[in-house]
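Quick notes on the structure that follows.
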Amino acid sequence: MRGGHHEINGNNQAIALRRRVPIRARLASQAHAQLIVGTWERTDLQRVGITMTVEPCCDGGFRLTYHMPVPGQPTVTLTVDSPMDGTEVPAPIDGKPSGETMAIKRLDDRHYSGVVKMNGRLFVTANSTLAADGRTLTVESVTEAPGGKNERVIETWVRK
């Protein structure tokens, strides 16, 4: 130390730079993970009209709010606050318990896996892929049907 100031040499600068890089990399990764945030509309023919809004919540997780039109009735709203770590959380409908739970896990910035249970029994397993451009979300799911006749569905969601 000279004159009350720390002397910085080349080694100290290199150490300081190495300490900043992981922070920048982490911030970039968090920003990339936010690509899924926004409003999505399901466009495959099986469920046209359903929207899903994804918002940050839960200390790094997401709140998924589904708006599902029902012919002749008010739109149904299902909300899930998921930490995205595979933890099973309730999925209330219109703010009331539904018996449905979801466990969603973020595999990386563009891939997610999930399990839906109804009254404690496995109902759906799903794998989701966010396109590299962030405009399309594809969900491949299998619904566990009684009698072993499972139904495979491919959902297509586009950013609104």
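The values are calculated or read from the model by the stated rules, or taken from the named source; none is laboratory data. Please read all numbers here as calculations on a predicted model, not as lab measurements. Positions of Cβ are generated from backbone atoms using ideal geometry, with glycine treated the same way; all protein chains shown enter the neighbour counts.
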task: Could you please find all residues in the range 85-118 being in contact with a helix residue (DSSP H, G or I) (Cβ under 9 Å, 6 or more places away or on another chain) and assigned to a loop (DSSP other than H, G, I, E, B)?
output: ASP109, ARG110
query: Do you know which of the residues in the range 33-48 that are modelled with pLDDT of 80 or more and among the charged types (D, E, K, R) is nearest to VAL153 (Cα to Cα)?
result: ASP44
In the range 38-58, residue nearest to GLY134 (Cα to Cα) [restricted to those that are part of a loop (DSSP other than H, G, I, E, B) and touching a residue at least 12 places away in the same chain (Cβ under 8 Å)]: THR43
message: Could you list, ordered by first residue, the pairs with Cβ atoms under 6 Å in which the first is in the range 144-158 and touching a residue at least 60 places away in the same chain (Cβ under 8 Å) and the second is outside any loop (DSSP other than H, G, I, E, B) and of a type in the set (A, V, I, L, M), at least 6 apart or interchain?
response: GLU155/VAL139; TRP157/LEU137
- request: Could you tell me which residue of the range 59-91 is farthest from SER128 (Cα to Cα), considering only residues that are of a type in the set (Gly, Ala, Ser) and crowded, with 16+ Cβ neighbours inside 10 Å?
  value: ALA91
Count of the range 110-131 residues which are loosely packed, with under 15 Cβ neighbours inside 10 Å and within 22 Å of THR53 (Cβ to Cβ): 5
statement: Reported set for the range 143-160 where residues are among the aliphatic types (A, V, I, L, M) and closer than 19 Å to TYR66 by Cβ is VAL153, ILE154, VAL158
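If a residue must be on the phi > 0 side of the Ramachandran plot and at pLDDT 95 or above, how many such residues does the range 58-100 contain?
Within the range 58-100, residues that are on the phi > 0 side of the Ramachandran plot and at pLDDT 95 or above number 5.
So, SER128, is that one within 22 Å of HIS67 (Cβ to Cβ) and in a loop (DSSP other than H, G, I, E, B) or not?
no
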